[in-house]
1. Cut-off 17 Å, label point 7 angstrom out along Cα-to-Cβ of Arg167: give me the residues of the stretch 201-235 whose amide nitrogen falls inside.
2. Would you mind checking Lys5/Lys192; Lys30/Lys63; Lys164/Lys192 for any pair whose Cα atoms are more than 21 angstrom apart?
3. Running a GNM on the chain with Cα contacts under 10 Å, which residue among Gln111, Gln126, Gln175 ends up with the highest mean-square fluctuation?
4. If you build a Gaussian network model of the chain, linking Cα atoms that sit under 10 Å apart, which residue out of Thr148, Thr41, Thr206 swings the most?
5. Counting each DSSP H run of 4 or more residues in the chain as -39500 (n - 2.57), what helix-only mean residue ellipticity at 222 nm follows after dividing by all residues, to the nearest 500 deg cm²/dmol?
6. Assuming R0 = 25 Å, can you tell me the calculated FRET efficiency for the pair Glu80 and Thr4, based on Cβ-Cβ distance, to the nearest 0.05?
7. Could you order peptides 5-12, 32-39 by the average number of other Cβ atoms within 10 Å of their residues, highest first?
8. Compute the convex hull volume of the Cα atoms of the chain, divide it by the residue count, and report the result per residue in Å³ as a whole number.
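Any read-out appearing in this document is the output of simple, stated calculations on the displayed coordinates, not a laboratory observation. Please read all numbers here as calculations on a predicted model, not as lab measurements. Neighbour counts run over all protein chains shown; Cβ positions are idealised from the backbone, glycine included.
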Amino acid sequence: MNDTKRVIVALDYPDQISALKMADQLDPEKCRVKVGKELFTRAGPAVVEALHGKGFEVFLDLKFHDIPNTTAKAVRAAAEMGVWMVNVHASGGRRMMEAARNELEQVNGAQTLLIAVTVLTSMERQDLADLGLDIEPLEQVKRLARLTESSGLDGVVCSAQEVKPLRQIVSPGFQLVTPGIRPADAEVGDQKRIMTPGEAIIAGSTHLVIGRPITRAEVPVEALHRIEQEILAAR
Ligand SMILES: O=c1ccn([C@@H]2O[C@H](COP(=O)(O)O)[C@@H](O)[C@H]2O)c(=O)[nH]1
């Protein structure tokens with residue numbers, strides 16, 4: 001796979017000014033950016049518009065999870081903002097995902113990529129047990145990835161640890177978008193199912209979502225540059 005724009009930088013900031021300050025240090029030809037719940041709740045569609053104005057493709061990571069009609073309309077609103085990618089939670093089920101997919105068809109012929117979160121990368125076996133699921137995360141990820149693909153979506157969010165086994169059961173073009181990326185010397189924080197950028201590329205992740213290892217680094221551009229070098233070396 002082409003290595004351009006494999007990295008999606010998570011702009012997890014509490015305000016638009018900080019997010020755009022970070023974006024100004026990035027090259028939209030080399031990476032994409034992600035707007036998540038914190039930034040969008042604070043800054044709304046204006047921040048997406050501002051990032052588009054700077055030439056970035058935006059992954060709107062709001063992980064919609066609601067009844068089919070509500071989710072479909074939320075996905076429509078995202079597509080009408082012109083985002084590159086938007087997501088829902090696969091655990092919302094087939095009817096919810098199909099409704100979202102169909103809505104996107106009507107907005108722009110499904111040009112906006114629609115993917116589904118399987119099991120959050122911050123979760124491990126015990127967290128699933130707490131929910132009454134007595135299985136390994138990988139098994140639940142596989143189950144939800146099959147459901148997502150058969151519901152007509154473009155890919156899933158999963159851990160890079162699951163990419164190899166998933167590739168055996170999904171089609172080659174299915175996007176495997178992986179947060180929980182940690183360079184060897186980075187703080188792990190709240191993530192549980194992690195991999196280094198190089199390992200994730202070797203495993204076959206389509207896109208690497210990386211936040212704090214870049215945005216909280218002393219010199220973010222240098223941290224990103226090191227990650228890009230690691231990705232190139234892993235090819
Ligand atoms: O399973 C998931 C789904 C989404 N995320 C998001 O990715 C970034 C990761 O940020 P880091 O600072 O690199 O941990 C963050 O915006 C999450 O909301 C995820 O981590 N895991």
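1. 201-209, 231-235
2. On the way: Lys5/Lys192 25 Å; Lys30/Lys63 25 Å; Lys164/Lys192 18 Å.
Beyond 21 Å between Cα atoms: Lys5/Lys192; Lys30/Lys63.
3. Gln126
4. Looking only at Thr148, Thr41, Thr206, the largest GNM fluctuation is found for Thr41.
5. Only helices count here, giving -12500 deg cm²/dmol.
6. It comes to 0.40.
7. On the way: 5-12: 22.6, 32-39: 20.4.
For the peptides 5-12, 32-39, the packing ranking is 5-12, 32-39.
8. 119
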